[in-house]
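A short write-up of the structure that comes next.
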Amino acid sequence: MKNIKLPSNNLGLFFQNIAEKNKDSLALEFPSGEVITYRKLNKLVNQTARLLKKKFSIKVEDVVCISGVKRTETFCLMLACLKIGATYSVMDNSSPIERLSLIINTCEPKLIVAEGNLIDVLKKSFISNKFNFLENDFIINNEELLKYSEHNLSVVNSINVKNGAYIMFTSGSTGIPKGALITHANLLSFISWIKEEFGFNSTDKLTNVNPIFFDNSVFDFYSAFFSGSCLVPFSKDEVGNPSFLMKKINDLGCTSWFSVPSLLIYLATVKVLVPENMKKIRRIIFGGEGYPKVKLFELFKLYSSRISIYNVYGPTECTCICSNYEISSSDFEDLSGIPPLGALIQDFSYLILDQKLKSVQDNEVGELCLIGPSVGQGYYNDKKRTKESFIQNPYKQDNEIIYLTGDFVKYDSKDKNIYFVCRKDNQIKHMGYRIELDEIESALNRVNGIAESVVIHGFLYNMKQIIAFVAIEDSLSLSSIEIKAQLSEMIPNYMIPSKINVLNILPKNPSGKIDRNKLALEYL
């Protein structure tokens with residue numbers, strides 16, 4: 001494990017130093033043609049920070065919720081919060097109002113920044129009188145912003161690295177999302193590894209195809225702005241237009257790609273991953289879910305002669321990434337399964353434990369438990385679930401917290417790699433999103449007319465999909481279209497099942513529980 005000295009400053013100072021060293025380098029380049037240098041970005045961030053402090057009295061450890069639309073204002077807000085010691089949380093602006101309300105009420109933000117239409121919806125909800133609002137166009141409509149100084153703030157010097165940097169929400173089994181709290185110290189360790197491993201600098205342009213309310217975007221944001229690289233943000237619509245996406249990546253000279261495997265598989269399916277694309281890309285990095293080797297081999301054959309390809313793994317609760325594995329030709333001697341997680345990155349250590357929290361032997365399956373400076377601070381305003389997942393190391397008497405990932409893995413002493421086996425619980429990775437199937441079932445059970453439900457993640461039409469089975473109350477009629485319409489008011493689109501099977505009754509096993517295996521055998 002490499003011993004790399006961490007920066008002695010906080011994230012605000014770190015960014016400030018990067019901006020000073022790379023004044024005339026591009027920090028942001030949008031496909032629309034808008035470009036912003038580090039000099040300009042730092043000035044806008046300083047003005048935004050003063051706006052937050054003076055107009056809304058935002059102070060250290062206050063929470064600011066930000067709508068996840070990729071625009072200059074959004075990135076300035078995130079960086080401004082880091083400078084003044086506030087904690088930001090980026091929201092999925094397309095989420096149902098019920099879910100956004102749960103997230104907002106967990107965060108208890110001092111300020112919500114969003115587009116006008118979302119603010120109108122939020123103001124009509126029960127949260128309307130609790131929070132301040134700011135429309136996310138304050139740089140375009142910048143008369144007020146011009147009142148504030150562009151110079152660096154003195155407060156940035158006093159921010160403690162133990163302060164929260166961001167809260168990232170993931171699915172929760174009870175139907176209530178969990179907000180993982182990550183600190184400046186956690187991120188400084190993460191950034192140190194990124195710089196050592198990938199060597200990003202001002203000559204790099206990093207694609208940002210990941211939604212910025214999604215865990216993978218942490219890599220995009222902190223890799224770019226804390227190395228002097230240029231971030232190229234693509235909107236949801238732009239990512240959904242494969243020909244446009246590839247053309248812009250070529251035209252803008254992007255050098256690094258990071259996404260979930262699902263997106264790469266989709267781009268290969270629509271035949272835009274061809275030798276003449278990804279012209280300047282030097283690294284393809286994927287993570288967030290397993291990449292079937294039979295599909296990965298297609299990518300490898302296309303690009304491995306000129307592009308390095310990496311598989312990264314890590315839970316949201318541990319600052320995005322904890323392991324890294326470079327793909328090589330030897331990985332395809334057997335095309336079954338997915339590539340290994342590899343070895344853990346600098347400063348991480350781990351235990352593989354059985355149900356009694358005892359270490360397992362090599363090549364035995366157990367739960368991966370992570371230890372190190374990138375392990376987050378638990379779930380924001382949620383002591384119960386924090387205590388369940390962040391526990392005292394059973395092999396240490398002094399205070400050392402380990403995170404129980406819920407991932408069953410095994411360690412192979414021959415190649416010194418960790419291999420993913422399965423999940424411990426009813427949680428899945430779907431299109432890169434970590435989803436608790438229980439949360440979908442909880443939403444289904446709130447649909448008028450549904451008596452009981454179960455959700456399975458399985459193969460349908462040769463693709464992993466979310467499939468639901470529901471039993472309808474006597475004398476009622478309910479179609480899958482009607483069910484999906486009601487679900488869309490409770491959970492995000494990526495959680496809504498691809499197929500909903502409406503049955504008279506759901507089969508039970510001898511213990512009286514719904515028989516998932518029988519449903520899978522009959523319908524998948």
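The values are calculated or read from the model by the stated rules, or taken from the named source; none is laboratory data. Computed from a predicted structure; not experimentally measured. Methodologically, a virtual Cβ is constructed for each residue, glycine included, from the backbone with ideal geometry; neighbour enumeration extends over all protein chains shown.
Note on region 242-330: enclosed helices (runs of 4 or more DSSP H) holding 2 or more residues that are out of contact with any Phe, Trp or Tyr (no Cβ under 8 Å at 6 or more places or on another chain) and modelled with pLDDT of 95 or more are 242-251, 293-303.
Answer yes or no as to whether Arg283 is of a type in the set (Lys, Arg), in contact with a strand residue (DSSP E or B) (Cβ under 6 Å, 6 or more places away or on another chain) and outside the structural domain of Asn417 (by TED's automatic domain parsing). Walk me through it before giving the result.
Numbers: of a type in the set (Lys, Arg): yes; in contact with a strand residue (DSSP E or B) (Cβ under 6 Å, 6 or more places away or on another chain): yes; outside the structural domain of Asn417 (by TED's automatic domain parsing): yes.
For Arg283, the condition - of a type in the set (Lys, Arg), in contact with a strand residue (DSSP E or B) (Cβ under 6 Å, 6 or more places away or on another chain) and outside the structural domain of Asn417 (by TED's automatic domain parsing) - is met.
Within region 390-421, the set of residues being of a type outside the set (Gly, Ala, Ser) and at positive phi comprises Lys416 only.
Applying the selection to region 317-342, what residues are without any contact (Cβ under 8 Å) to a residue 40 or more places away in the chain, in contact with a Ser or Thr (Cβ under 9 Å, 6 or more places away or on another chain) and not hydroxyl-bearing (Ser, Thr, Tyr)? Let's see the steps before the verdict.
So in region 317-342, the residues without any contact (Cβ under 8 Å) to a residue 40 or more places away in the chain come out as 326-333.
Now restrict to residues that are in contact with a Ser or Thr (Cβ under 9 Å, 6 or more places away or on another chain): 326-329.
Passing the criteria: Glu326, Ile327.
For region 84-100, does any single residue satisfy the condition of being assigned to a loop (DSSP other than H, G, I, E, B), surrounded by fewer than 19 Cβ atoms within 10 Å (Cβ to Cβ) and among the charged types (D, E, K, R)? No, there is no match, as no residue in region 84-100 is assigned to a loop (DSSP other than H, G, I, E, B), surrounded by fewer than 19 Cβ atoms within 10 Å (Cβ to Cβ) and among the charged types (D, E, K, R).
Residues in region 414-436 that are over 18 Å from the mean Cα position of the chain (by Cα) and of a type in the set (Phe, Trp, Tyr): Tyr419, Phe420.
What residue, of Thr106, Thr74, is over 26 Å from Ala443 (Cα atoms), under 20 Å from the mean Cα position of the chain (by Cα) and in contact (Cβ under 8 Å) with a residue 12 or more places away in the chain?
Numbers: Thr106 fails: over 26 Å from Ala443 (Cα atoms).
Unique residue meeting the criteria: Thr74.
Can you tell me which residue among Ile66, Ile119 is closer than 19 Å to Glu144 by Cβ and either assigned by TED's automatic domain parsing to the domain that holds Asn493 or outside any helix (DSSP H, G or I) (or both)? Selected residue: Ile66, the only one of Ile66, Ile119 that is closer than 19 Å to Glu144 by Cβ and either assigned by TED's automatic domain parsing to the domain that holds Asn493 or outside any helix (DSSP H, G or I) (or both).
Residue-by-condition table, conditions (1) of a type in the set (Phe, Trp, Tyr); (2) closer than 20 Å to Ser202 by Cβ; (3) out of contact with any strand residue (DSSP E or B) (no Cβ under 6 Å at 6 or more places or on another chain):
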residue: Asn22; (1), (2), (3): no, yes, yes
residue: Leu28; (1), (2), (3): no, yes, no
residue: Leu41; (1), (2), (3): no, yes, no
residue: Ser57; (1), (2), (3): no, no, yes
residue: Thr72; (1), (2), (3): no, yes, yes
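Residues that are touching a strand residue (DSSP E or B) at 6+ places or on another chain (Cβ under 9 Å) and of a type in the set (Gly, Ala, Ser) within region 381-423 comprise Ser389, Gly406, listed in sequence order. Criterion first (of a type in the set (D, E, K, R) and under 16 Å from Asp407 (Cβ atoms)) does Glu317 satisfy it? Against the criterion (of a type in the set (D, E, K, R) and under 16 Å from Asp407 (Cβ atoms)), Glu317 qualifies. Residue pairs whose Cβ atoms lie under 8 Å apart, sitting 6 or more positions apart in sequence or on different chains, and linking a residue in region 44-63 that is assigned by TED's automatic domain parsing to the domain that holds Asn105 and under 10 Å from Leu77 (Cβ atoms) to a partner that is surrounded by fewer than 21 Cβ atoms within 10 Å (Cβ to Cβ) and among the basic types (Lys, Arg), do not occur here. Could you list, in sequence order, the residues of region 34-51 that are surrounded by fewer than 18 Cβ atoms within 10 Å (Cβ to Cβ) and not in a strand (DSSP E or B)? Scanning region 34-51 gives Glu34, Arg39.
Please tell me if Ile18 is assigned to a loop (DSSP other than H, G, I, E, B), crowded, with 20+ Cβ neighbours inside 10 Å and among the aliphatic types (A, V, I, L, M). No, not satisfied. Checking each residue of region 43-57 against the condition of being of a type in the set (A, V, I, L, M, F, W, C), at pLDDT 95 or above and within 19 Å of Ser227 (Cβ to Cβ) gives at least one match. Checked against the criterion of being in contact with a strand residue (DSSP E or B) (Cβ under 6 Å, 6 or more places away or on another chain), touching a residue at least 40 places away in the same chain (Cβ under 8 Å) and under 30 Å from Val294 (Cα atoms), region 441-453 contains not a single residue that satisfies it. Applying the condition of being surrounded by fewer than 16 Cβ atoms within 10 Å (Cβ to Cβ) and not charged (D, E, K, R) to region 508-519 and asking which residue is modelled with the highest pLDDT yields Asn517. The single condition among (1) closer than 30 Å to Leu100 by Cβ; (2) touching a Lys or Arg at 6+ places or on another chain (Cβ under 9 Å) that Ile36 does not meet is (2). Of all residues assigned to region 142-157, at least one qualifies as being part of a loop (DSSP other than H, G, I, E, B) and free of Cβ contacts under 8 Å to residues at least 24 places away in the same chain.
Just wondering, is there one or more residues in region 473-488 that are surrounded by 16 or more Cβ atoms within 10 Å (Cβ to Cβ), in a loop (DSSP other than H, G, I, E, B) and touching a strand residue (DSSP E or B) at 6+ places or on another chain (Cβ under 8 Å)? Yes; the residues of region 473-488 include at least one that is surrounded by 16 or more Cβ atoms within 10 Å (Cβ to Cβ), in a loop (DSSP other than H, G, I, E, B) and touching a strand residue (DSSP E or B) at 6+ places or on another chain (Cβ under 8 Å). In region 162-190, the qualifying residues are those that are of a type in the set (Val, Ile, Thr) and at pLDDT below 95, and the one that is surrounded by the fewest Cβ atoms within 10 Å (Cβ to Cβ) is Thr174.
Going through region 387-400 one residue at a time, which ones are surrounded by fewer than 17 Cβ atoms within 10 Å (Cβ to Cβ) and outside any helix (DSSP H, G or I)?
Filtering region 387-400 for residues surrounded by fewer than 17 Cβ atoms within 10 Å (Cβ to Cβ) gives 387-388, 391-400.
Those that are surrounded by fewer than 17 Cβ atoms within 10 Å (Cβ to Cβ) and outside any helix (DSSP H, G or I): Ile391, Gln392, Asn393, Pro394, Tyr395, Lys396, Gln397, Asp398, Asn399, Glu400.
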